[in-house]
Amino acid sequence: MFEARLNAATTLKKVLDAIKDLLNEATFDCSDAGIQLQAMDNSHVSLVSLTLRSDGFDKFRCDRNLSMGMNLGSMSKILKCANNEDTVTMKAQDNADTVTFMFESQNHEKVSDYEMKLMNLDQEHLGIPETDYSCVVRMPAMEFARICRDLSQFGESVIICCTKEGVKFSASGDVGSANIKLAQTSSVDKEEEAVTIEMQEPVSLTFACRYLNAFTKATPLSNQVQLSMSADVPLVVEYRIPDLGHIRYYLAPKIEE
Amino acid sequence: TPIQNDLTEYYSLI
């Protein structure tokens with residue numbers, strides 16, 4: 001028996017919004033530790049890694065490890081039927097071929113349930129080693145989303161250049177070129193507005209705008225985003241989901257031919 | 001122009 005309850009459906013809606021542009025379907029691996037998902041996009045350029053800890057749920061029970069392959073378009077249709085404030089419960093029997101989403105209104109007067117067929121998906125897990133990154137940048141998630149959106153007007157690629165002075169995002173194309181520099185904040189009233197840079201070595205890497213923009217769909221989950229970079233390895237973009245877990249995106253760099 | 005690398009160039013399938 002698997003059962004996981006969140007007091008507000010809005011959290012699950014935001015999690016789904018953060019992954020459904022990159023993935024058509026994905027396997028949710030459930031254990032007593034929580035729910036894990038790891039999947040590459042179709043082109044194998046980016047990877048989504050989602051962790052939702054069992055202690056972050058309002059109720060969590062998982063008697064046997066369970067892998068639930070879900071069509072994210074179908075899941076999205078179902079979650080649209082929930083109000084943001086509804087309690088959402090996901091339920092599945094052991095070895096089931098369906099999962100049930102149950103929504104309950106705050107006044108308990110409306111209860112709906114939606115059963116969705118599960119899929120058998122080929123699992124392609126990547127082994128990602130623990131890495132000490134040369135640069136780790138933390139900044140407001142809204143700021144990062146704004147930068148990715150603004151620069152994508154100028155080119156298909158963004159160059160992220162990080163030194164101890166700051167981080168620079170650049171793009172160029174037919175229109176011209178654009179550069180956005182962010183300095184480390186010296187003092188801020190609110191921690192979520194800070195830009196911080198931990199640098200061992202300066203790095204300069206090129207990434208596809210399209211994927212960075214897709215990652216910023218996670219912005220509603222977190223005030224801050226963390227970018228981890230080292231020369232010639234994938235970028236890690238991490239959003240922490242308060243009291244519940246995190247979503248990490250890995251993106252292979254573009255390299256000179 | 002730079003070319004897009006594949007993630008499997010960096011991480012192995014398990």
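The values are calculated or read from the model by the stated rules, or taken from the named source; none is laboratory data. Everything numeric in this text was worked out from a predicted model, so none of it was measured. In this analysis, Cβ positions are derived from the backbone assuming ideal geometry, glycine residues included, and neighbour counts consider all displayed protein chains.
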Given the conditions (1) within 14 Å of chain B (Cβ to nearest Cβ); (2) surrounded by fewer than 22 Cβ atoms within 10 Å (Cβ to Cβ); (3) touching a helix residue (DSSP H, G or I) at 6+ places or on another chain (Cβ under 8 Å), report the number of the one that residue A:248 does not fulfil. (3)
Could you list all residues from the stretch A:202-245 that are within 14 Å of chain B (Cβ to nearest Cβ), in contact with a helix residue (DSSP H, G or I) (Cβ under 7 Å, 6 or more places away or on another chain) and part of a helix (DSSP H, G or I)? A:209, A:212
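Just give me the residues in the stretch A:1-21 being outside any helix (DSSP H, G or I) and within 19 Å of residue A:68 (Cβ to Cβ), in sequence order.
Correct list: A:1, A:2, A:3, A:4, A:5, A:6, A:20.
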Scanning the stretch A:129-158 for residues that are polar (S, T, N, Q) and not in a strand (DSSP E or B) gives A:131, A:134, A:152, A:153
Which of (1) within 14 Å of chain B (Cβ to nearest Cβ); (2) modelled with pLDDT of 95 or more does residue A:74 not meet, given it meets every other one? (1)
Considering only the stretch A:110-144, state which residues are surrounded by 16 or more Cβ atoms within 10 Å (Cβ to Cβ) and of a type in the set (S, T, N, Q). A:134
Please go through the stretch A:184-213 and pick out each residue that is surrounded by fewer than 18 Cβ atoms within 10 Å (Cβ to Cβ), over 14 Å from residue A:163 (Cβ atoms) and not hydroxyl-bearing (Ser, Thr, Tyr). A:188, A:189, A:190, A:191, A:192, A:193, A:194, A:210, A:213
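Among the residues in the stretch A:126-144, are any of a type outside the set (A, V, I, L, M), in contact (Cβ under 8 Å) with a residue 60 or more places away in the chain and within 14 Å of chain B (Cβ to nearest Cβ)?
Within the stretch A:126-144, one or more residues are of a type outside the set (A, V, I, L, M), in contact (Cβ under 8 Å) with a residue 60 or more places away in the chain and within 14 Å of chain B (Cβ to nearest Cβ).
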